[in-house]
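Enquirer: Supplied in structure tokens, the structure appears directly below.
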Amino acid sequence: MNIGFKVIDDTNLEEVPRRLKNTLYKKMLQATTYMQGETKRGAPRKTGRFSRSINRAVRMLSGRYTGIVGTDVKYAEALERGTGIHGPKGQPIVIRPRAARALMFPVQPGMTTRSGRLTSKTQRALAGGDASGFAFAKRVTIKGMKPKHVFKNAMERGRPRVIKYLDEGVGEAIR
């Protein structure tokens, strides 16, 4: 799923001279380049893949220039809108085993879960010197990830500058 935003200039370009079209195209390109930078500036930087995937384009759609800033990485919607209880559905995420009877994950003595507890069975195994160091569960429930609102925040920060660029474009073309 692609996620991003569009900047649309409402001027119907089918009725305006070529000079105005060229000027508006240049200003729309300037606006989308600026918004691409704003979006990248607010993007999380764990590996940098998300930030590198943010791109921009200017297209003619229905007689109007449309500036598009977006990304096509699969996890973009999760970053923007959140997941689990923080996401659109508002439900915790339940993880269940697919091919086995239980989930298995490594644990170490002194390790805790987010709630501060391991199951009593896992605690007894670790206290008894069980060398396996693994815990098993039929299911795990997690809260999910809070939304980062990368595109929404970039649009809020960049809106005044985008409007300025487009106003300048119309002003330059009229002169």
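Enquirer: For a quick check of your reading: which strands (runs of 3 or more DSSP E) sit entirely within region 63-175 and have at least 1 residues that are at pLDDT 80 or above and under 19 Å from residue 39 (Cβ atoms)?
Expert: Fully inside region 63-175 and qualifying: 64-71.
Enquirer: What number of residues within region 25-47 satisfy the criterion of being in contact with a strand residue (DSSP E or B) (Cβ under 6 Å, 6 or more places away or on another chain), crowded, with 19+ Cβ neighbours inside 10 Å and under 14 Å from residue 168 (Cβ atoms)?
Expert: The total comes to 2.
Enquirer: Okay, moving on. Under 7 Å between Cβ atoms, at least 6 apart or on separate chains: pull out the pairs that start in region 22-49 with a residue that is without any contact (Cβ under 8 Å) to a residue 60 or more places away in the chain and end on any residue that is of a type in the set (Gly, Ala, Ser) and surrounded by 13 or more Cβ atoms within 10 Å (Cβ to Cβ).
Expert: Close Cβ pairs satisfying both conditions: 32/67; 40/51; 45/51.
Enquirer: Of all residues in region 62-82, which are surrounded by 18 or more Cβ atoms within 10 Å (Cβ to Cβ) and touching an Asp or Glu at 6+ places or on another chain (Cβ under 9 Å)?
Expert: Those that are surrounded by 18 or more Cβ atoms within 10 Å (Cβ to Cβ) and touching an Asp or Glu at 6+ places or on another chain (Cβ under 9 Å): 65, 67, 69.
Enquirer: Quick check on region 48-61: of everything there that is more than 12 Å from the chain's Cα centre (by Cα) and buried (at least 17 other Cβ atoms within 10 Å of the Cβ), which residue is farthest from residue 141 (Cα to Cα)?
Expert: Among residues in region 48-61 that are more than 12 Å from the chain's Cα centre (by Cα) and buried (at least 17 other Cβ atoms within 10 Å of the Cβ), the one farthest from residue 141 (Cα to Cα) is 58.
Matching residues to (1) surrounded by 14 or more Cβ atoms within 10 Å (Cβ to Cβ); (2) within 20 Å of residue 81 (Cα to Cα); (3) out of contact with any helix residue (DSSP H, G or I) (no Cβ under 6 Å at 6 or more places or on another chain):
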position	(1), (2), (3)
137	yes, no, yes
142	no, yes, yes
146	no, yes, no
149	yes, yes, yes
163	no, no, yes
174	no, no, yes
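Enquirer: What do you reckon, is residue 33 of a type in the set (S, T, N, Q), at pLDDT 90 or above and not in a strand (DSSP E or B)?
Expert: Answer is yes for this residue.
The values are calculated or read from the model by the stated rules, or taken from the named source; none is laboratory data. Not measured: the values here are computed from a predicted model. Quick reminder, even Gly has a Cβ in these numbers, built from the backbone with ideal geometry, and neighbours come from all protein chains shown.
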